[in-house]
Amino acid sequence: MCGIVGGVVKSNLVPILMDGLKKLEYRGYDSAGLAVIGEQGICCKRMQGKVKNLQDLLDEDPISGCTGIAHTRWATHGKPSSENAHPHICRNKIAVVHNGIIENYRQLQEQQLKNGYVFASETDTEVIVNEIFDALRHTDGLLNAVKRSIPKFEGTYALGIMSNDEPGLLVACRQGSPLVIGVGAGEYFIASDVAALLPVTQRFIFLENGDIAAIRQSGVTVFDRNGRKAVRPVKESLLTADSIEKGEYRHFMLKEIFEQSFAVARTLQGRFVDNRLQESAFGRRAAEIFDAVRAVQIVACGTSYHAGLIARYWLERLARIPCSVEIASEFRYREPILGPDTLAVAISQSGETADTLAALQEAKKRGAKYSLAICNVPESSLVREADAVLMTRAGPEIGVASTKAFTSQLTVSMLLVIALGRRFGLSEALERQITAELFNLPAEIEKVLQLNDEIKNLARQFTEKHHALFLGRGSHYPIALEGALKLKEISYIHAEAYPAGELKHGPLALIDAGMPVVTVAPNDHMLEKLKANMEEVSARDGQLIVFIDERLASAVEAGNFKIIKVPQVENHLSPAVYNIPLQLLSYHVAALKGTDIDQPRNLAKSVTVE
């Protein structure tokens, strides 16, 4: 699982490959490598660690070429090492970079060993390059060799392939893992993410599953899974190179935290007429689908799963429609029972999360007649799979720990609540109230961001801690889950979240004077219950840190609590607001600890393998 960039250009490609790798490093950063075809054939450089290590190697020993492929890796098969880094090369003739997993690589490897192939790495990717090399012995040309080999690979892949024998040709393949072709002026590129290519083009061809593309300076020919020539349109990206730069911020994560008010405003833009939600925002079939729906099944992973949990509270309380939420990787193997009137909702920032995509497909097989994708990437696999779509419009999110994408997911989830609620008794008065709260949400986010300096000081209490608890109730329990996830993701402090009412069923055993307990305390109907839970912690000398509505702070100041006063916010959307102080807390704790905030160890942004 990783990032790919490649191209066929008129001059030296290496600077473009390296710039692309730097922009894709958030997708994987265990090792990096590149290969180009120069006067002496394929020249390859690979290094363990970050892209900077590869750049240092190239500064000492430069290479050049007009056709090339490059890769930054997040390890699946084989530990991080220069030997396991891509590209992988067979007998100095064929070079391959690969995203995804070849599930039958063991069987292929056994046969290739019998045929005399020697393996230099622990990866599954080597079977690909060996298979293509072997196919060249039985067919004419690289493209035909790739076509002959592809049916043998089970699993997911995005591939960039080149050969010494045809230096002006780059072959690209896609099955499951994303891959785009960038269109320049007499030059063409490939990448696993458009962000890698924004400095050189804003025009892209999005390959579909099963596609094989032959890329030369003279043009691109695409073949579909049946071997027929296919026309894939060239689309213009609205993103610019500036949109994926840190600007004045120290880290992408901090930049993206502070972009959340703009992201929410952009998410709402154009979706209301005269303050009334237009269901056409979900797609042309939306009204037909929503009329038929009687239940909702949400599938997602990680942070998106937490968004789904909050959506469930809203859908059941406000829209009065039954809703279930499940982690996608569990749902797809549980043999769930879904009725034809169930709307399967898949939430994913990238739209390429393998488990979420597979779970949506499984939901359809299990009886769900209708599907909806909540996603941030318009051309993603998830968007193409769903019957209806609501784009979050969060903009590029580079930090591995999701922030603005999560808040945008909550925003569009409330749009779904309105659309379905109209069919289940949501009153016009309540719809107007929720709409007004949505329009006011960007301003409320701006207010809570003003707590930044206070939270930065609070973070000092965590730098020597090894464990923390997060508590919440109702729709703010998922916010506690998200706060704990953020802290463990980027500061490496072990953090867990619980519904506060569950304290006495086990977690109280962990409470002592050294245990920080972060509590989310909005002004809602659960507040009195929550105060009783906080007293349970206080009685055991726990270090309580309470994020509470500023109107209610005096109600708990008598205890041994650290109080953070959160600006007043309306109840329905308060989870979206209370999440932001926890994002800031995690960020500042990690900054004080000196961890790699944007690229935390062992994690990658887009999880395109199971």
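Table for the structure above
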item: Calculated FRET value between S64 and E154, using beta carbons and R₀ = 60 Å, to 0.05; result: 0.95
item: Normalised contact order of region 252-445, rounded percent, pairs of Cα under 8 Å and 6 or more residues apart; result: 30 percent
item: Tilt relative to the chain, helix 51-60 - C-alpha long axis, 0 to 90 degrees, to 10; result: 40 degrees
item: Distance from region 147-209 to region 78-139 (C-alpha centre basis), Å; result: 18 Å
item: Rg/Rh ratio calculated on Cα atoms of region 2-244 (Kirkwood radius); result: 0.93
item: Calculated from backbone phi, Karplus (6.51, -1.76, 1.60) coupling profile of region 9-21 in Hz, x at Gly/Pro; result: 10, 8, 10, 4, 8, 4, x, 5, 4, 5, 5, x, 4
item: Dipole of the chain [Lys/Arg +1, Asp/Glu -1 at C-beta], most positive-end residue of S491, I511, C301; result: C301
item: Crossing angle, helix 527-538 versus the chain [Cα axis fit, 0-90 degrees, rounded to tens]; result: 80 degrees
item: Rounded, prolate or oblate (a/c below 1.5 giving rounded, otherwise prolate when a/b exceeds b/c) for region 344-451 by Cα gyration tensor; result: oblate
item: Percent RCO, i.e. relative contact order, over the chain, from Cα pairs under 8 Å lying at least 6 residues apart; result: 12 percent
item: Given K404/K562; K447/K565; K456/K488; K531/K562; K246/K565, the pairs whose alpha carbons are separated by over 22 Å; result: K404/K562; K246/K565
item: Estimated Rh, the chain: Kirkwood, alpha-carbon pairs, angstrom; result: 25.5 Å
item: Cα centroid of region 384-408 to Cα centroid of region 1-63, whole Å; result: 29 Å
item: Pairwise label distance in nanometres, R294 with E330, each label 7 Å out on the Cα-Cβ vector; result: 2.7 nm
item: Whole-percent pair-distance distribution, where bins are 5 Å wide, for the alpha carbons of region 452-593; result: 2, 11, 23, 26, 22, 13, 4, 0
item: For region 2-244: relative contact order, % (alpha-carbon pairs under 8 angstrom, 6 or more apart); result: 19 percent
item: Nonlocal amide H pairs with Y249, under 5 Å, H built at 1.01 Å; result: none
item: 0 to 90° range, to nearest 10: angle between helix 428-449 axis and the chain longest Cα axis; result: 70 degrees
item: Binned Cα-Cα distance frequencies in region 252-445 - 10 Å width, integer %; result: 10, 39, 38, 12, 1
item: For region 203-353, convex hull volume per residue from C-alpha positions, Å³; result: 212 Å³
item: Long-range HN-HN contacts of C301 with modeled amide H, under 5 Å; result: A328
item: HN-Hα J in Hz across region 324-339 - Karplus 6.51, -1.76, 1.60, θ = phi - 60°, x for Gly and Pro; result: 10, 10, 8, 4, 4, 5, 8, 4, 5, 10, 8, 6, x, 10, 10, x
item: Cross-link pairs K79/K235; K45/K152; K22/K593 - those with Cα-Cα distance over 31 Å; result: K79/K235
item: Residues with amide H under 5 Å from that of V518, placed H, sequence gap 5 or more; result: L469, F470, L471, I545
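Taken together, the values in this text are just the output of simple stated rules run on the coordinates, not laboratory data. Since this is a predicted model, take the numbers as computed values, not measurements. Note: ideal-geometry Cβ built from the backbone for every residue, glycine included; neighbour counts use all protein chains shown.
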